Amino acid sequence: MTSNRAQPRICAGVNSGGNGRSSRSNCRHDPLETFNRTCQSDPIILCNEPGEFTYMPRTKPQVAALPVRLNKRNRVEVLLVTSRGSGRWLPPKGSEMNGKSRRKSAEIEAREEAGVCGNVADRPIGRYAFAGKARGGKVGGRIILYPMLVRSVLKRWKECHERKRRWFTLKQAARVVREPELQHILLSLKSEPAIKRLLRRAV
């Protein structure tokens with residue numbers, strides 16, 4: 001029997017006080033809201049319809065690369081990979097590496113997780129909230145997203161036996177990812193100045 005219960009969604013700005021409780025009226029969940037705030041003190045809250053909240057301890061911000069290319073029809077495509085646990089589609093991501101900048105860390109994650117190399121933008125195009133699992137249980141945090149113009153695609157790479165990779169159009173990618181803020185970033189990608197600058201290099 002299939003359950004009709006909605007899946008948990010990430011909510012922004014809900015002050016739970018750390019006890020996992022909050023009133024429904026305080027929920028400011030908005031699929032079009034992006035997480036560009038630098039404040040790291042507020043918790044990640046999972047919102048279950050109607051009015052149920054799950055508090056998730058915050059981890060340190062992670063970095064991700066968003067590999068992009070122009071296809072034969074001159075349309076923007078992005079490369080996503082599957083997670084090793086649930087198999088959900090997401091950009092290649094990971095923790096900031098010791099001795100490496102966030103930008104360089106994102107570049108390395110793209111090569112190791114997705115098997116692609118290219119030019120990473122100097123600045124991120126946004127941040128989005130995520131929910132995942134760690135050894136201690138469920139955790140939440142923010143991902144700092146850097147666009148990357150793909151120059152080469154490797155046939156074999158470090159995690160090729162652990163993940164699948166696939167090119168998506170922007171609309172397709174927005175449908176398969178779970179994070180509302182990431183969906184918004186994908187749907188507005190073509191108008192981003194950083195993406196326009198990257199794609200000019202591809203011409």
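Rule-based calculations on the coordinates, nothing more; no lab input. This structure is a prediction, so every number in the text was calculated from the model and none was measured. Glycine also receives a Cβ, built like all others from the backbone with ideal geometry; neighbour counts cover every protein chain displayed.
Observations, loosely collected:
- Note, ³J(HN,Hα) from phi for the stretch 187-195, Karplus 6.51, -1.76, 1.60, rounded to Hz, x at Gly and Pro: 6, 9, 5, 5, 8, 6, x, 5, 5
- Long-range HN-HN contacts of Gly118 with modeled amide H, under 5 Å: Arg151
- Order of Met97, Met148 under a 10 Å beta carbon neighbour criterion, fewest first: Met97, Met148
- If the segment from Ser191 to Met97 were pulled out straight at 0.36 nm per residue, it would be longer than the present Cα-Cα gap by 30.8 nm.
- When +1 charges are put on Lys and Arg Cβ atoms and -1 charges on Asp and Glu Cβ atoms, the dipole computed for the stretch 62-200 relative to its Cα centre reaches about 360 debye.
- Residues whose amide H falls under 5 Å from that of Leu66, counting only those 5 or more places apart or on a different chain, are Tyr146, Met148, with hydrogens built in the peptide plane.
- By the count of other C-beta atoms within 10 Å, a proxy for reagent exposure, Phe130, Phe168 are ordered fewest to most as Phe168, Phe130.
- When Lys60, Lys100, Lys155 are arranged by Cβ crowding within 10 Å, least crowded first, meaning fewest neighbours, the order is Lys155, Lys60, Lys100.
- Sites Arg201 and Lys158, calculated FRET efficiency, Cβ-Cβ separation with R0 30 Å, nearest 0.05: 0.70
- Cα→Cβ-extended label distance, 7 Å offset, between Thr82 and Arg166, nm: 0.9
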